[in-house]
Structure formats: C-alpha cells, structure tokens
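Read the structure below first, then the notes.
The values are calculated or read from the model by the stated rules, or taken from the named source; none is laboratory data. Small disclaimer: the values here were computed from a predicted structure and weren't measured. Here the Cβ positions follow ideal geometry from the backbone for every residue, glycine too, while neighbour counts run over all protein chains shown. For the accessible areas, the whole protein counts, side chains as well, though only heavy atoms, and no ligand, DNA or RNA atoms are used. Shrake-Rupley method; radii C 1.70, N 1.55, O 1.52, S 1.80 Å.
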Amino acid sequence: MNTKDIYVGASPEEVAALITGKMVSLARSSKHPVHIALSGGSTPDTLFAYWRKRPKDELKNLGVRFWWVDERLVPEESTESNFGNAYRHFFGPEEYPSELLHPITYRPELSSEEAARAYDAEVRADMSARGASVPFDLVILGVGDDGHTSSLFPGQDLFERKAYYISSVNPYNGVLRVALSYGGILSAPEVLFHVLGEKKRDILARVTSPRDEADAALPAAFVMKRAGRVSVFTDIEL
C-alpha cells in the first residue's frame, strides 16, 4: 500500500474533519445520492461529535444515505448496538431523515444467518431500484487490536462467501453478528480505514505493511491489499 494514501491528523477531531471533508466532497461531486457503509465500535463516536459541530443540515441536504458495516444481534436500545449508539449520538438528536438510514434491524425470531440474508436482500433490492452495480460508494472500516475489520476475525474461513452480508461470530465472546463480507467490502470503489489511538500503532503498522504471511492474512491487511482504492485516516504517525 502506498503511504500517500495515509492521512494523519493531529487529533481525533482533526481526523474526523478530514474524513468528513472527503465524504462531503464525494457527495457534492456525485450525480446521485451517495451511499456510505459505516462501521460500529467506539471510533465513529468522534465522527458523530464532529458532525454535531458542523452545519446541522449539511449531510441531510446532500442526501447522504447510511448503511451499516456490521451489527451485533441485540436490540437497538442496547449499548452494544452499533446503530443504536449512532442514533443516540447523532442521527436521533439531529433528526436525520429515517429514509436515509438503513440499520441492520434486530428481530429476535431470526437466526444470525437469516438476519444476514434479510439485510443482504435489502441491499440488493435497493441496488436494483436505483440501477446500481455496487451497494456502496464508500465503506468506512475500523481495525481491531487483533487486525479484524467489519466483524471478520482472524482465523475465520470467510474469504469465499459470495453474499454482501454474512453471519459472523465474535470468537472472544460468542456474540452473533451480521457482517459486510470481504466480497461486499471489495465491491466498493473506495474503502476508508478510520484508526485512532496509540494502542493501535502496532496493529496499524502490521496491516499497512505486513511483516510476514501471518500479518498479510489479517482481515484488515487482506482488504487493504485487494481493495480498488484504499485510504487510512489516523492520528498515529507511523
């Protein structure tokens, strides 16, 4: 991966500003509403905090549509819900139009496989309705301490799955998830990694410049090597 694709901000807020500028530029230059897949976890909270400081209607007026990269199979009210946290931290308070939001809805009667198929079908129906060849214009991912991304963890044999969304399980706690697959990620014309904090220094170095075959097989490194366009936005000086 070329280092020119790594953008470093002096603080998490500055990184959020850089990412937001990229999103806004993409939306303004597009001839159609932009569709962005947004990761969960705590890192996006810095984006939400920054967006609350910007003109409130900017993303709304640009018609940016948000989908979710992955989700734990828990109710939206749970603090473990990626969409729930995003809604509480930004989309709800700012009254973002519900028609522009596409959460992975929790339905207790569905298994993780059924939930993944349901969201995959929603994505494909939307693509068909707008005549799109790919689900998303931009996928925003994080990198876990172990090198995972989306809910695709090291050692899981998920590389050949054809669906955009698949069932996954967190190997550390057994929590079931729905995850954007490698195929779904790599179908996007651009993939953006949002990585913050000194504790991520080592893993970020390993996935951007793998030292050996084990590093190269880490999910984030696998994506970085194969995505059409990759950018990393971080507050870490490598």
| Within the bounds of segment 167-176, is there any residue that is surrounded by 18 or more Cβ atoms within 10 Å (Cβ to Cβ), assigned to a loop (DSSP other than H, G, I, E, B) and in contact (Cβ under 8 Å) with a residue 24 or more places away in the chain? | no
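Out of the residues in segment 144-166 that are touching a Gly at 6+ places or on another chain (Cβ under 7 Å) and closer than 23 Å to L196 by Cβ, which is least open to solvent (accessible area, probe 1.4 Å)? Please lay out each step first, then the result.
Let us first name the residues in segment 144-166 that are touching a Gly at 6+ places or on another chain (Cβ under 7 Å), namely 149, 154, 161-162, 164-165.
Then keep just the ones that are closer than 23 Å to L196 by Cβ; that gives 149, 154.
On the way: T149: 1, P154: 47 Å².
Ranking the qualifying residues of segment 144-166, first place goes to T149.
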| message | I'm trying to understand the selection: among the residues of segment 25-39, which are open to solvent by 10 Å² or more (accessible area, probe 1.4 Å) and touching an Asp or Glu at 6+ places or on another chain (Cβ under 8 Å)? | response | L26, S30, S39
| Within segment 177-191, can you find the residues that are surrounded by fewer than 18 Cβ atoms within 10 Å (Cβ to Cβ) and among the hydrophobic types (A, V, I, L, M, F, W, C)? | L186
| Limited to segment 192-223, what total is found for residues that are out of contact with any Asp or Glu (no Cβ under 6 Å at 6 or more places or on another chain), open to solvent by 10 Å² or more (accessible area, probe 1.4 Å) and either assigned to a helix (DSSP H, G or I) or without any contact (Cβ under 8 Å) to a residue 24 or more places away in the chain (or both)? | 14
| note | Checking I140, I104 in turn, the sole residue that is assigned to a loop (DSSP other than H, G, I, E, B) and at pLDDT 95 or above turns out to be I104
| field | Residue ID - modelled with the lowest pLDDT, chosen from residues in segment 40-55 that are surrounded by 15 or more Cβ atoms within 10 Å (Cβ to Cβ) and among the hydroxyl-bearing types (S, T, Y) | value | T43
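When the residues of segment 29-48 are narrowed to those that are part of a loop (DSSP other than H, G, I, E, B) and free of Cβ contacts under 8 Å to residues at least 12 places away in the same chain, which ends up farthest from A125 (Cα to Cα)? Steps first, answer last, please.
So in segment 29-48, the residues part of a loop (DSSP other than H, G, I, E, B) come out as 30-34, 39-43.
Right, trim to free of Cβ contacts under 8 Å to residues at least 12 places away in the same chain and you get 31, 42.
Details: K31: 20, S42: 30 Å.
This residue is S42.
So which of R72, R124, R107 ends up being more than 25 Å from M224 (Cα to Cα), charged (D, E, K, R) and open to solvent by 30 Å² or more (accessible area, probe 1.4 Å)?
Values: R72 fails: more than 25 Å from M224 (Cα to Cα); R124 fails: more than 25 Å from M224 (Cα to Cα).
Sole residue among the options that is more than 25 Å from M224 (Cα to Cα), charged (D, E, K, R) and open to solvent by 30 Å² or more (accessible area, probe 1.4 Å): R107.
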| message | I'm told D70 meets every condition in (1) touching a residue at least 12 places away in the same chain (Cβ under 8 Å); (2) over 27 Å from V143 (Cβ atoms) except one. Can you identify the failing condition by its number? | response | (2)
| message | What's the number of the only condition in (1) more than 19 Å from M23 (Cβ to Cβ); (2) out of contact with any strand residue (DSSP E or B) (no Cβ under 9 Å at 6 or more places or on another chain); (3) not in a helix (DSSP H, G or I) that E71 fails to meet? | response | (2)
